[in-house]
Each structure stands twice: as structure tokens, then as C-alpha cells.
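Here the structure comes first, spelled out in C-alpha cells, and everything after it is commentary.
What follows is calculated from the coordinates using simple rules that are stated; it is not laboratory data. What you see is a predicted model, and the numbers here were worked out from it, not measured in a lab. We place every Cβ from the backbone using ideal geometry, glycine too, and count neighbours over all the protein chains shown.
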Amino acid sequence: MDDPCATPAGLMPVTAARERMLAAVKPLEGSESVRLDQALGRILAADVRSPIDVPPADNSAMDGYALRMGDLSGDGAELALSARIQAGVAPEPLKPGTAARIFTGAVIPAGADTVIMQEHCREDHGRVVFEKLPKPGANIRRAGEDIGRDSRVLGAGIQLQPQHLGLLASVGLAEVAVRPRVKVQVLSTGDELVAPGQPLKPGQIYNSNDTVLAGLLERLGCELLPTLQVPDTPEATREALDQAREQADLVLSSGGVSVGEADYVKPTVEAMGRLDLWKINIKPGKPVAFGDLGGVPFIGLPGNPVSVFVTYCLFAAPVIRHLQGRTETFPTPTHLPTAFDRPAAKREEYLRVKIIEGQLHCYPHQGSGVMSSVAWADGLARVPADKAVASGDSVEYLAFTTLLE
């Protein structure tokens, strides 16, 4: 198809392709309430506001003595000790002209305005000698100092991490509203593929794509429907796609979108719905398809294992994040110097690289079937089309830790 964003070779640029995919899908509607212990990795459905102040009352920042600074005349002054205040109790008001022994986290008694740390004090027969005085108000955590009542604690669209759950627990929430999980149906095509653990016959290879995609989708918090193994026939392809669109929020295939005589996914999608784009200016992974199956988005990934991994990171994962309603769909790359030379390529390359002593090192074999390159690497280096790389040049780097979450 003609496209104003297409490259001279008729291939769509990577960024333009991703933007088109994101513009074509809408976040899933609805939400559900789950317990905090079930919310890890889920996407927050709405802003959360605190029902309380945190801390709920003024409290001591350390072990020491609570008093009113106006009762002291200077260094070396002393006061009678009138109370002992532990954390977790409601104290009586401080008796005028006295000090109270107080411990970290304990509520400041009415009448006190300062806590003096115990290292600067000395008890002597029921009295406390203050050897060094702080400024008034020292060592007190004020009510609402961390979080104010009705203030926004977390914003909608974030993926909940352990620290977020701890924050929600700190304001007393036991449940939180999250977006629904994205149901993904994976179609695995190719008569040559055999499940791991089975003996290989001549011409067959083990199917690693299913395992990789299952792990990637689980990492993003998707609900993975049982993978459909699709024989290389038009009838089987049509039946699988029809079943997939009835039960999934996203249909994801590996293989079958190139131009071979046995590649039936692309023409079948076109017959059942529409194909919005096909062929992207990328290496590895040029044959990536995106379209619609009667209201259900479809992404067709290439068949080679490395191409599956790379194109999933660059296209499928952002679409899934958008369906989840996340605020950020694609990470911002960093820039790092290279420790390798690379000749210019016609397509935009995503090299498997590893950071060693602050430089990007390139795996020596970058073929689309070399899965060991992905296992060795810790991220991808983006090299624009028609650009050579010399050792020491700065290039964009995308860490797997940011691409996969």
C-alpha cells in the first residue's frame, strides 16, 4: 500500500509503524478491585487519594526527650522527667516544665514542641540534663508530612511495583482498582515446528517461539490463552484466526506473514478483516503485519526466533501496554559508546549488545536465527538505516529491563 511515511524501498520506518499501531487501538474498558497481595504488576485503573494523613499525628523522628523549648534556659539546663512514651500509645499532655522520655515513632504529647536526641542528654536521678540544644521543632515528623489527607498517592496507568503496594498499604488501603488483564491469543504456524522434548525428524526444528512469547506475555501481566498450533493450510489458518478473535483482546502470530507459498496468515487476515501495514524498515524482522480481525487487533510477527523477540519488544509490547491503559508505552533510550565497528545497512538495525565497562559490545553473530545472541545480551542498540558505526560512537541503547516490563 502507498504510505507517505514509507521509505524509498517501500518499507515503513520503525517509529511511524509503532505510532500507527498505537493510534489504531484503544485501552480496554472496565476495572476490577483486587487485594494488594494480588495487585503486583497490575495496571492502576484510577488515581488513588489518601483517606488519611501520613503520618497521622506528629511523632518523634528518633529516641530522645520531648519538651517545650521555652522551658529551657540554654545548654546544660535540666528538667524533671515526667513520662515515658512508647510508639503505639496515645500520650497524656506533657506536664509544664518537664520532659518526657520518647522513642522513635511515638506520638508527640500535647504541650511539647521539640525532641532532643538522647545522645545530647543525660539522665540524673529523675531529671534530664540537656547538654546540647537544637532549634525549636527539631526531630519531629509532622502529621501529613509524607502524605496529606485527600492528596493523590498514585496516578492511573502505572504498573504497580512492590514500593507502590507499600505506599497504598501505608494509607490503609487493602484493595485497589486495576485494569483488566489483556487476553492474548498466540498462533504458532509452521509444519516444521516440533515441541521441545519430542524427537526431531528430518526437516524439523524445535519451536522456541511459543516458549519465548509465553514468557514475554507473562512478564507484561497478560492473560495468555492456550497457544493454537496452526498447520500450513488456508483452512486451518482461517479456523484458528476465527477462534482467536472470538476470545482474545489481541491476536499475536509468529510466522506466516512473509511472501512464501505456505505463508497463509497475511492473506487470511486481509480476507477476514483488514491489514493496516506490512513490511517495516527494520533488521531483524522486516515482515511484521498489523491489522484488525473484526474489532480485535492483530499483530503478525516473523517466524525467526530473534526476529520474534525484537519485533515483540518494539511493536507488540507497546500495543499491549496501550491496551492496558499504561501512561508509558515505550521506554526512552539512553546513549552509550560502542566498542565495535559496524558497516552501514539499508535497514534500521537493532543489534544484540551487552554493556561491559561502560561500552556496548556487540554479539559477533547477529543472524535472525541466532537465539544465543539474545540470551547473551542485556539490551538492543539501535543503528539508523544507512549509518555506519565506528568504535567510540554513541548510539541509542534499550535495556531489556525497560523493554520487557
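Annotations
- FRET efficiency for the residue 84 to residue 214 pair, using the beta carbon distance and R₀ = 60 Å, is estimated at 0.55.
- Across region 61-212, C-alpha contacts under 8 Å between residues 6 or more apart give a mean separation that, scaled by the residue count, equals a relative contact order of 19 percent.
- Between the listed residues 188, 358, 176, the Cα displaced farthest toward the positive end of the dipole of the chain, a dipole computed from Cβ unit charges relative to the Cα centre, is found at 358.
- Orientation-averaged projected area, Cα convex hull of region 334-403 (nm²): 4.4
- Estimated from the Cβ-Cβ distance and a Förster radius of 45 angstrom, the FRET efficiency linking residue 52 and residue 201 is about 0.10.
- Protection proxy ranking, highest mean first, for peptides 95-101, 111-117, 247-253, 127-133: 247-253, 111-117, 95-101, 127-133, where packing is the per-residue count of other beta-carbon atoms within 10 Å, averaged.
- Tilt relative to the chain, helix 209-219 - C-alpha long axis, 0 to 90 degrees, to 10: 20
- Over region 335-405, Cα pairs under 8 Å with separation of 6+ residues give a relative contact order of 43 percent.
- Scaled radius of gyration (Cα, divided by 2.2 N^0.38 Å) that the chain gives: 1.41
- Label-point gap, in nm, between residue 135 and residue 328 - each point 7 angstrom along Cα→Cβ: 3.5
- You can think of it this way: the chain between residue 145 and residue 378 has 79.9 nm of extra reach, that is 0.36 nm per residue less the Cα-Cα gap.
- Note on 308, 389: ascending count of other Cβ atoms within 10 Å places them as 389, 308, the fewest first.
- Over all projection directions, the Cα-based convex hull of region 59-141 averages an area of 4.4 nm².
- For the chain, the relative contact order is 16 percent, taking Cα pairs closer than 8 Å that sit 6 or more residues apart in sequence and dividing their mean separation by the residue count.
- FRET efficiency, residue 23 to residue 63 (Cβ-Cβ, R0 41 Å, nearest 0.05): 0.10
- The trypsin sites (Lys or Arg not before Pro) of region 298-359 include none that meets both conditions, a loop assignment by DSSP and at most 12 other Cβ atoms within 10 Å of the site Cβ.
- Annotation for residue 127 and residue 192: the two label points, set 7 Å from Cα along the Cα-Cβ direction, are 9.4 nm apart.
- Least to most buried among 335, 361, 125, 322 (fewest other Cβ within 10 Å first): 125, 335, 361, 322
- DSSP beta bridges in the chain [antiparallel fraction, %, rounded to 5]: 70
- Taking other residues whose beta carbon is less than 10 angstrom from the beta carbon of residue 77, and scoring Lys, Arg as +1 and Asp, Glu as -1, yields -4.
- Region 211-302: chymotrypsin sites (Phe, Trp or Tyr not before Pro) falling in loop per DSSP and having at most 15 other Cβ within 10 Å: none
- Relative protection proxy for 21-29, 185-193, from highest mean packing down: 185-193, 21-29 (other beta-carbon atoms within 10 angstrom).
- Point-charge dipole on Cβ atoms (K/R +1, D/E -1) for the chain, about Cα centre, debye to 20: 320
- Local charge for residue 238 was computed over the other residues whose Cβ lies under 12 Å away, with Lys and Arg +1 and Asp and Glu -1, and equals -3.
- Projecting label points 7 angstrom from Cα along Cα→Cβ for residue 118 and residue 152 puts them 4.2 nm apart.
- Summed side-chain charge close to residue 90 - residues other than residue 90 whose Cβ falls under 15 Å, Lys, Arg +1, Asp, Glu -1: -1
- Of all the options 274, 68, 18, the one that moves most in a Gaussian network model of the chain with Cα springs shorter than 10 angstrom is 68.
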